[in-house]
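Down below is the structure, laid out as C-alpha cells.
The values are calculated or read from the model by the stated rules, or taken from the named source; none is laboratory data. The shown structure was predicted, so the numbers you read here are calculated from the model rather than taken from an experiment. Backbone-built Cβ (ideal geometry, glycine too); neighbour counts: all protein chains shown.
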Amino acid sequence: MTDPNLPEADRARLFAAAERWLAEDPDADTTIELDLLLDRAQAGEPGALAELASAFAGPLTFGTAGLRGALGPGPARMNRTVVVHASAGLARYLLDRGHAGRTVLVGHDARHHSSIFARDTAEILAGAGLRAVLVEGPIPTPVIAYGIRHLDAVAAVVVTASHNPATDNGYKVYLGDGSQIVPPADALIAERITEVSRLPLSELPRSPGFDRAGADLVEAYVTRAASLLAARPDRSLRWVYTPMHGVGLPDPVVVPAQAEPDPDFPTVAYPNPEEPGALDLAVELARDCEADLVIANDPDADRCAVAVPDPVSGWRMLTGDELGALLGADALDRRVRGTYASSIVSSTLLATMAQAAGEPFVATPTGFKWIGRVPGLAYGYEEALGYCTDPAGVADKDGITALVRVLDLAGRLAAQGRTLLGMLDSLMRRHGLHQTGQLAVRTDDPGIIAGAMARLRTSAPDVLGGEPVAVTDLSRPDGDLPPIDAVLLEGPSVRVVVRPSGTEPKLKCYLQVRLTPTESQDLTAARVTAERRVARIREELTAVLGLG
C-alpha cells in the first residue's frame, strides 16, 4: 500500500484527483464512499490517506486477463467509470478494425455490481456504433464463449472475477475466434482505453439501443453440451453438485447452502474449488447420501473440480493435473484426433500419453487464451481446474462441458466395475507416476513477489531434490513460447515452474517429480518416494526464494 507520509504537494495532487473523480462519477454508491474517504484523508487519518492513495495509484491495468480488482472508487479499482472507459476503448479498437455494426456479446455473473457494469458496457458499445447484445440475467462464462461463434460476434465481454474474493470484480474480453485476448490485442486495447480516459464521461456516447439474448442462447449451449454424452451408461451415478454460490447449472443432489447465486459467498473463505475447505459442504452431503462423486464449478462455471471416495483416505479431491490426465486419456481412448495441449505449469503426463498414442502435443504459456488458440486442438487443460473438452464449441475452459465429460466417463467406468481412481492408477503404472504439488504465497505486498523472482533469476540453484537442474528464464524469447514472467528448473525427474499469478496477489510454484513406469508398478511405495521428494523440493525452494 502507498506510504501515507506523502509530501504536501503530492497530497494536494491526490486530493485534486479525487475531487475530479467525484465530479464525474455516475455511481451514487462510490460517490458517497469516496466523499467520506476524502473527508477522512483531508482530516489527517493515516489509514484513510493510504487507502485513498492506493485507490488512485495509477489505472487498473488492462492486460491479457482484461481487468480484475477490488470494487471501489478510483482508477485503481473496479467501478462504473473504469468499466465505461474500458468499454469505450474496446469499441475504438473494434471500430479501427472495420467492425462497425458487428455484434459484441455482453454477459455477467452474479457478483456485486456485475449487472450494472454489463449494462454500462452494452450502452457504450451500442453508442459507438456496434451491435451490442446483452444476455439477460447472470450467465456462466462458457455460454458467452460459446455464443461468440453461435452469434457470429466479433468480440465478447464477460463481467466476472471468476473465483476471486467477494470484494472483487472483473472485465474479461474475448475476440471473434472465441478465445480470450492475447498480445498484441491487449496492449492495443489498453492504448485506446488510455485515450478515452482523458475525455469527460459526458463526451463518450452511449445508447440504450442494444439487443438482448436469453433462453435461446442457453438452450443452444445446453443442446451442444448434452451431445457430448456417449450412449447412456448401464449404471446411473449418484453425484453431488455445487455451483459455489455461482451461476453453474444445477443437477441432481445440489448442496442447498450453495445452490443460489450469492455475491458474498457466505459459506467459503474464497469461492475457488482449489482452496482448502471449499468442497467441505459438498463432501459432507456426499457422505450422507452415499454418492459416487462430487462435482463443483467455480462461481462463473468455467472451472470444474471433482472429489471421489478414496478407500484409504476417505473422500479426496482430484488435483487439476489428475483430472486433466483422466479427461485427456479418455479423449485419446475415444480416438479424438488433433493436437493435445496443456500449459507449462501443468503436469507433463498429458504430453507423455499423447506421444504414446501418436498424437501431437503443444505446451503453452499459462492461460486459456493460449490453449484455446492451438491449431487443431483436440483437448487442452490447465492445472488450475480448467478444461477444454469441446474446442469446436467453446475455445476456452468450460466447467460445464467438463462436468458432462466427467459424468460420461465415470458412468462408463462404473458399468465396467471400475472407478476414476482405478483408471488414474492404471495411467500412472503405464506412463510413470507424475507427482505434482505447489508452493503458493499470497501477499498484499508486490515487493515480496518481485523480490523472490529477482532472487531466483540471479541465484537459481543448480540442484533440486537431489539432482542437477537446468534453469531457463522464460521471460526471454526462445522461439517456442512468447516471453513469460516465469522461471523453469528441470532435471531428469524433477520439474519446477515459478511465476507470479496473473489474477491474484500470489507467487506460485508448480512442482513435479516423475518416476519411470518400472519404478511405478508398486504405486503405494512410489507415491511415498515421490511425495517425500516433492516435500524436499518445496523446502529447498522456500529457502531459495527467501520465503522461509
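Taken over the stretch 226-257, the criterion of being out of contact with any helix residue (DSSP H, G or I) (no Cβ under 8 Å at 6 or more places or on another chain), at pLDDT 85 or above and in a loop (DSSP other than H, G, I, E, B) is satisfied by S227, R238. Just one of the listed residues (A65, A57, A100, A91) is surrounded by fewer than 24 Cβ atoms within 10 Å (Cβ to Cβ) and over 24 Å from G502 (Cα atoms), namely A100. Regarding A470, is this residue modelled with pLDDT of 95 or more, exposed (fewer than 15 other Cβ atoms within 10 Å of the Cβ) and closer than 29 Å to V374 by Cβ? Answer is yes for this residue.
Per the listing G437, G491, G447, the residue uniquely in contact (Cβ under 8 Å) with a residue 40 or more places away in the chain and of a type outside the set (S, T, N, Q) is G437.
Considering every residue within the stretch 482-503, establish whether at least one is hydrophobic (A, V, I, L, M, F, W, C), over 25 Å from the mean Cα position of the chain (by Cα) and either outside any strand (DSSP E or B) or crowded, with 19+ Cβ neighbours inside 10 Å (or both).
Filtering the stretch 482-503 down to residues hydrophobic (A, V, I, L, M, F, W, C) leaves 484, 486-489, 494, 496-498.
Next, from what is left, pick out any that are over 25 Å from the mean Cα position of the chain (by Cα): 494.
When the remaining residues are screened for being either outside any strand (DSSP E or B) or crowded, with 19+ Cβ neighbours inside 10 Å (or both), the result is 494.
Looking through the stretch 482-503, at least one residue is hydrophobic (A, V, I, L, M, F, W, C), over 25 Å from the mean Cα position of the chain (by Cα) and either outside any strand (DSSP E or B) or crowded, with 19+ Cβ neighbours inside 10 Å (or both).
L134 meets each of the listed conditions (1) under 24 Å from T30 (Cβ atoms); (2) touching a Leu at 6+ places or on another chain (Cβ under 8 Å); (3) part of a strand (DSSP E or B) apart from (2).
Collect the residues in the stretch 55-72 that are more than 29 Å from P184 (Cβ to Cβ) and either modelled with pLDDT under 95 or in contact with a strand residue (DSSP E or B) (Cβ under 6 Å, 6 or more places away or on another chain) (or both), keeping them in residue-number order.
Initial filter on the stretch 55-72 (more than 29 Å from P184 (Cβ to Cβ)): 55, 71-72.
The one that is more than 29 Å from P184 (Cβ to Cβ) and either modelled with pLDDT under 95 or in contact with a strand residue (DSSP E or B) (Cβ under 6 Å, 6 or more places away or on another chain) (or both): L71.
Has the stretch 379-387 got at least one residue that is within 20 Å of the chain's Cα centre (by Cα), touching a residue at least 60 places away in the same chain (Cβ under 8 Å) and more than 27 Å from P482 (Cα to Cα)?
As a first pass, look at the stretch 379-387 and keep what is within 20 Å of the chain's Cα centre (by Cα): 379-387.
Pick out the ones that are also touching a residue at least 60 places away in the same chain (Cβ under 8 Å) and you get 381-387.
Still in the list and also more than 27 Å from P482 (Cα to Cα): none.
No, because not a single residue in the stretch 379-387 is within 20 Å of the chain's Cα centre (by Cα), touching a residue at least 60 places away in the same chain (Cβ under 8 Å) and more than 27 Å from P482 (Cα to Cα).
Can you tell me which of R149, R131 is of a type in the set (K, R) and under 22 Å from the mean Cα position of the chain (by Cα)? Can you show your working first?
Working: R131 fails: under 22 Å from the mean Cα position of the chain (by Cα).
None of the other options fit; the residue is R149.
Just one of (1) modelled with pLDDT under 95; (2) crowded, with 24+ Cβ neighbours inside 10 Å fails for A155. It is (1). For the stretch 384-411, the set of residues classified as buried (at least 24 other Cβ atoms within 10 Å of the Cβ), charged (D, E, K, R) and part of a loop (DSSP other than H, G, I, E, B) consists of D396, K397, D398, listed by residue number.
So which of L37, L52 is at pLDDT 95 or above, within 16 Å of A76 (Cβ to Cβ) and within 30 Å of the chain's Cα centre (by Cα)?
Details: L37 fails: within 30 Å of the chain's Cα centre (by Cα).
Just a single option satisfies the conditions, and that option is L52.
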